[in-house]
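The values are calculated or read from the model by the stated rules, or taken from the named source; none is laboratory data. All figures in this text were calculated on a predicted structure; none of them were measured in a lab. Positions of Cβ are backbone-derived with ideal geometry, glycine not excepted, and every protein chain shown enters the neighbour counts. For accessibility, only protein heavy atoms count, side chains too; no ligands or nucleic acids. Shrake-Rupley method; radii C 1.70, N 1.55, O 1.52, S 1.80 Å.
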Amino acid sequence: MRELVVGIDIGTTKVCTIVGEVRPDDIFIVGAGIEPSRGMRKGIVTDISQLTASISASVHKAERSSGFDISRAFVSVAGHHIASINSRGVTGIAGQRGVQIDDLDKAIDAARAIAIPHNREVLHVIPRTYSLDGQDRVRSPIGMHGFRLEVEVHIITASSTSIANLEQAVEGAGVYVDRFILNPLASGDAVLTDQEREMGVVLVDIGGGTTDMAIFIEGTVWHSAVIPIGGDLVTNDITHWMRIPFEDAEAVKIQHGHALPRAVDPLETLIVQPFGEGMPMEARRADLAYVIEARVEEIFERVGKEIKRSGYDGLLRAGAVLTGGCSLLPGIREVAQQTLAMPVRIARPERLTGMADALRSPAYSTSVGLLRLGLQMDTMHPIQSESNGASVAAKLGHLLSGFLRRLLPEDDR
Ligand SMILES: Nc1ncnc2c1ncn2[C@@H]1O[C@H](COP(=O)(O)OP(=O)(O)OP(=O)(O)O)[C@@H](O)[C@H]1O
Ligand SMILES: [Mg+2]
């Protein structure tokens, strides 16, 4: 039996639907549909019917390429309406039976019993560390003996209306939302190594409208944030500087853009056609790079501030991992390295097989990550069964019942 999962990344630039089989060592891509996104700005829905049309087009493409009907999916969420906080919860352990799953649940329930405004909802509750009778940094207390179990959790909340609008747009395309997953958690799942997550790393997914961040330390998420600027702002700057339409500026950025002026030949020029009937204009590529560099620096300054604000700036021994479409900009790694003063690498989804060629780009990290993470967070929901392979549910069963189950809001467990 073959179990397929579906992820839909609804970005500001594109909607990407992926149908795949999550296997222990890779993800086998069965089909994908990538379509331009309309009706979304900086992670917020601005036009439901336009967005529904974009999602429908992407889903239909994925259905055609995979040959399967898509009725449900894991869906990404980002936007400035996302907020995160850390909290603690305590529970007593009765008798001498050792800590059980129920005790973890009780401690986590206590941690999430903080006042959440009525217009917000909990997306994820992620246990960071446990302590047992004052012994800190216990990773998995199950079976251990003690009287007082304490848990630290990272809670991610979203605006209820933003979520409702996104859900309406997806359901309008005939797809039931199995679970919303925060963008950088999905991207992190697709591109980070276990070692990076252990050592301490900040994942930075720079898309068109938003820059999504998550800090992973000791194997789990300690902080997350969404910054409402991305590659579109770089394109906007080029639009204003060259006085050309947005689409032309986008093409200039992708063909000639560089974030590091000193890496560009000072004599190299390009020709652009400004608005109106004006004469074609010649511009120096190095000047273009200065325009881009300024905005890219600003993005990383904001990322740096957010890292400081988290309080974990001294703990990121593996540095930063950049992904998202904007990380394709030449020179961006160097700018990030200078601004953040830490090692930086650019990452794209790895360990993909099947119809995966189009997806091996940093722009698709979120969509690929949705499949495995969604599956780990949820019970299985096969959309079709076919071959003789062992069920993914069976292979991942141990994950579902234990630690990862706790990523879910209580009502959804
Ligand atoms: N080759 C490239 N060089 C430079 N920039 C690029 C390149 N390819 C894509 N981009 C930029 O990446 C951005 C889109 O990235 P991505 O596809 O990750 O966005 P998204 O997921 O749709 O948006 P978001 O996550 O912000 O909602 C755009 O600003 C685009 O100009
Ligand atoms: Mg994105």
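In whole Hz, what ³J(HN,Hα) sequence does the stretch 186-203 give by Karplus (6.51, -1.76, 1.60; θ = phi - 60°), x for Gly and Pro?
Calculated HN-Hα couplings, in order: 5, 4, x, 4, 7, 10, 7, 8, 4, 5, 4, 4, 5, 6, x, 8, 10, 8 Hz.
Quick one: which residues, 5+ away or cross-chain, put their amide H under 5 Å from the amide H of GLY31? H built at 1.01 Å from N.
VAL19
Per residue, how big is the convex hull around the C-alpha atoms of the stretch 193-346? Give it to me in cubic angstrom, could you?
90 Å³
Computed over the Cα atoms, what is the radius of gyration of the chain divided by 2.2 N^0.38 Å, N being its residue count?
The value comes to 1.03.
So what's the angle, to the nearest 10 degrees on a 0 to 90 scale, between helix 392-401 and the longest Cα principal axis of the chain?
70 degrees
Which ³J(HN,Hα) values in Hz, rounded to whole numbers, follow from the phi angles of the stretch 254-262 under the Karplus curve 6.51 cos²θ - 1.76 cosθ + 1.60, where θ = phi - 60° and Gly and Pro get x?
Using θ = phi - 60°, the values come out as 6, 7, 10, x, 8, 9, 10, x, 5 Hz.
Counting only residues 5 or more places away or on other chains, whose amide H sits under 5 Å from the amide H of THR129 once H atoms are built in the peptide plane?
Excluding prolines and chain starts, which carry no amide H, the hits are GLU152.
If you wrap a convex hull around the alpha carbons of the stretch 1-43, what volume per residue comes out, as a whole number of Å³?
Values: hull volume 3.3 nm³, N = 43.
Given the Cα convex hull of the stretch 1-43, per-residue volume reads 76 Å³.
So what are the three principal axis dimensions of the stretch 83-159 from its Cα atoms, in whole Å, longest to shortest?
Principal extents (largest minus smallest coordinate, Cα): 42, 20, 16 Å.
So what's the angle, to the nearest 10 degrees on a 0 to 90 scale, between helix 160-172 and the longest Cα principal axis of the chain?
Relative to the chain, helix 160-172 is tipped by roughly 80 degrees.
Return the sequence-ordered ³J(HN,Hα) values of the stretch 267-276 in whole Hz as given by the Karplus equation 6.51 cos²θ - 1.76 cosθ + 1.60 applied to θ = phi - 60°, using x for Gly and Pro.
8, 6, 10, 9, 10, 10, 9, x, 3, x
Based on DSSP, what percent of beta bridges with both residues in the chain are antiparallel, to the nearest 5? Write down the numbers at each step before the final one.
Working: 57 of 75 bridges.
Counting only bridges with both partners in the chain, antiparallel ones make up about 75 percent.
What FRET efficiency comes out for GLU301 versus ARG41 if R0 is 22 angstrom and r is the Cβ-Cβ distance? Round to the nearest 0.05.
Details: r = 22 Å, r/R0 = 1.02.
About 0.45, to the nearest 0.05.
Can you give me the distance in nm between label points at ALA115 and THR269, each placed 7 Å from the Cα along the Cα-to-Cβ direction?
Inter-label distance under the simple model: 6.4 nm.
Sort largest first and round to whole Å: the equivalent ellipsoid semi-axes of the stretch 62-113, each the square root of five times a Cα gyration tensor eigenvalue.
40, 20, 6
Whole number in Å², please: accessible area per residue of the chain, 1.4 Å probe, ligands, DNA and RNA not counted. Could you put the intermediate results ahead of the total?
Numbers: 17310 Å² over 413 residues.
Per-residue value: 42 Å².
For every other residue with a beta carbon closer than 14 angstrom to the beta carbon of GLU293, add +1 if it is Lys or Arg and -1 if Asp or Glu, then tell me the sum.
0
For the stretch 193-346, what proportion of DSSP beta bridges, expressed in % and rounded to the nearest 5, is antiparallel?
Bridges in the stretch 193-346 are about 70 percent antiparallel.
Multiplying the sequence separation of SER160 and LYS308 by 0.36 nm and subtracting their Cα-Cα distance, what value in nm do you get?
Separation in residues times 0.36 nm, less the Cα-Cα distance, equals 50.5 nm.
Please list ARG197, ARG360 in order of solvent-accessible area, largest first, computed with a 1.4 Å probe with all protein chains present.
Values: ARG197 35, ARG360 100 Å².
Accessible-area ranking of ARG197, ARG360, largest first: ARG360, ARG197.
Carbon-plus-sulfur fraction of the accessible area of the chain, 1.4 Å probe, in percent?
Working: 8750 of 17310 Å².
Ligands and nucleic acids excluded, carbon and sulfur give 51 percent.
Would you mind checking which residues have amide H under 5 Å from ILE346's amide H? H placed 1.01 Å from N; only 5 or more apart, or other chain.
LEU322
Relative contact order for the chain using alpha-carbon pairs under 8 Å, separation at least 6, rounded to a whole percent?
For the chain, the relative contact order is 21 percent.
Over the Cα atoms of the stretch 166-224, what radius of gyration and what Dmax do you get, in Å?
14.0, 42
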